[in-house]
Amino acid sequence: MKRQTILSVLISTIILCASADPVMAYVLLSPRRRWATTPITVRVYTTGNSTITDGSGGVNATVSAIRAWGIISSSTTSSAAVRGSAPATIMLNTNGGICSSTCLAATLTGYYVSQSGDDRIYDADVYTNQAYQYYSSGESGCSSEFDIDSIMVHEVGHVIGIGHSNVSGATMYPSISACNTAPRSLASDDFAARDDLY
Amino acid sequence: MTRRTLSLVLLLMVSALPLSASQFVDMQFDQLARGAKLIVRGTVVDTFSAWDDNREVIWTYATIRVHRYFGETTGPDTLVVRNAGGIVDGYMQEAIGFPVLRRGEDLVLMLADDGGHLVLHAYNQGKLLVQRRGAIEVLVSDPVRQGEARPQLTPRFGEAATNAVDDSPAMTIDEFSAMVDDARAGFRPTILRQQQ
């Protein structure tokens, strides 16, 4: 191949790469919103999920897993979620009346709308659909079940103000398959979203 | 368009969106169509939001003026659909990733009965926007969910919205109607049969 042809191909490739859309990264919830202070308190209701057989119904696994965010102060609570009031509470034993049918888990978040673009999150609670089968890091083996650790690390991403990411491999990537435990570990994209907000 | 092509379009309509499988499990079209109590085309003419009796959840009630019922069902000219999330006295409650019903939207809805309230069947899968592409009306999935910004207008609950035209995968309303009839008659799309 002539040197001129190689050069043309090379230049064309560079131009194409430069003009291509940038890779989409994390997305923050819109409008942008955050909790006023860190660490953010997240409680896990002591009654766990009946399909998880790790001894606590996934409660202890969830308390531990969501600390991956690094700005979460997590513990168990015997008080069920009170919507509209902090602290953020994860309910593994109920769908909260909002998460049924094809819904696996739902985060219900609340904030006062400001005109300054500086919205504060006042509450966020997570609910779990009891119609599906889950398992936790406290169990061994998986058979077509959904990993509660991964789901809750993802949902707590919503709790702190992060939306879905287009980066495959990120915890906030909007797709998870049964028995997939990879979202338990945050990717650099997830950390970037967190650091953008806090 | 053949049934196989229609199935591919449906597949594309779904795959063109970020699948919120961490929150939702996708349902096949024939399951959707058979499981829906009502399937309608209509316009959102009004919305209002209110706390429930326990002041725990803000629900948005969307009044739908029905233009057409699909399948063998029929019903009133106006329906009220309840959806989690909304804004009351400046306090916004959002179910992240859930669908939004906005005033002014022209859409096709698959509806289920939830404790006496009509709701979107299978959440986002139960809502399709009607768009005009040239002389043809097509159905597309709504790419924007609760907690996400809508490009261009960014309307919030209750604000007027328009169905912006785009080039995402779509199917015509007649094709959709045929798919509903087939599903309710017990036929499964060819592509799905082949996968079994």
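The values are calculated or read from the model by the stated rules, or taken from the named source; none is laboratory data. Predicted model, so just to flag it, every value in this text is computed and none were measured. Cβ: placed from backbone, ideal geometry, glycine included. Neighbour counts: every protein chain shown. Side chains are part of the model used for accessible areas, which takes the heavy atoms of the whole protein and leaves out ligands, DNA and RNA. Shrake-Rupley method; radii C 1.70, N 1.55, O 1.52, S 1.80 Å.
At-a-glance table
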| read-out | value |
| --- | --- |
| Residue within the range A:123-138 that is outside any loop (DSSP other than H, G, I, E, B) and at pLDDT below 95 present | yes |
| Cross-chain or 6+ apart pairs with Cβ under 9 Å, the range B:76-96 first and within 7 Å of another protein chain (Cβ to nearest Cβ) and without any contact (Cβ under 8 Å) to a residue 24 or more places away in the chain, then part of a loop (DSSP other than H, G, I, E, B) and open to solvent by less than 60 Å² (accessible area, probe 1.4 Å) | B:G90/A:V113; B:G90/A:S114 |
| Meets criteria (of a type outside the set (A, V, I, L, M), under 14 Å from the mean Cα position of the chain (by Cα) and within 9 Å of chain B (Cβ to nearest Cβ)) for A:Y173 | yes |
| Subset of the range A:36-50 [closer than 10 Å to A:L92 by Cα, in a loop (DSSP other than H, G, I, E, B) and touching a residue at least 40 places away in the same chain (Cβ under 8 Å)] | A:T47, A:G48, A:N49, A:S50 |
| In the range B:42-61, the residues that are of a type outside the set (D, E) and within 15 Å of B:G104 (Cβ to Cβ) | B:G42, B:T43, B:V44, B:V45, B:T47, B:F48, B:T60 |
| Some residue of the range A:124-136 being under 18 Å from the mean Cα position of the chain (by Cα), away from every other protein chain (no Cβ under 13 Å) and either open to solvent by 10 Å² or more (accessible area, probe 1.4 Å) or touching a residue at least 60 places away in the same chain (Cβ under 8 Å) (or both) | yes |
| Which listed residue, of A:T89, A:T102, A:T94, is surrounded by 23 or more Cβ atoms within 10 Å (Cβ to Cβ), closer than 28 Å to B:L118 by Cβ and more than 13 Å from the chain's Cα centre (by Cα) | A:T102 |
| Checklist (1) surrounded by fewer than 21 Cβ atoms within 10 Å (Cβ to Cβ); (2) hydroxyl-bearing (S, T, Y); (3) facing another protein chain (nearest Cβ under 9 Å); (4) in contact (Cβ under 8 Å) with a residue 12 or more places away in the chain applied to A:T107, failing item | (1) |
| The listed residue being at pLDDT below 90 and hydrophobic (A, V, I, L, M, F, W, C), out of B:F157, B:F176 | B:F157 |
| Hits in the range A:110-123 - residues which are of a type in the set (D, E) and facing another protein chain (nearest Cβ under 9 Å) | A:D119, A:D123 |
| Residue identified as modelled with pLDDT of 95 or more, closer than 19 Å to A:G110 by Cα and open to solvent by 40 Å² or more (accessible area, probe 1.4 Å) among A:R43, A:R67, A:R32 | A:R43 |
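Yes/no matrix, rows are residues, columns are (1) closer than 22 Å to A:Y127 by Cβ; (2) open to solvent by 10 Å² or more (accessible area, probe 1.4 Å); (3) part of a strand (DSSP E or B):
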site	(1), (2), (3)
B:H67	no, yes, yes
B:G75	no, yes, no
B:V80	no, yes, yes
B:I87	yes, yes, yes
B:G97	yes, no, no
B:M110	no, no, yes
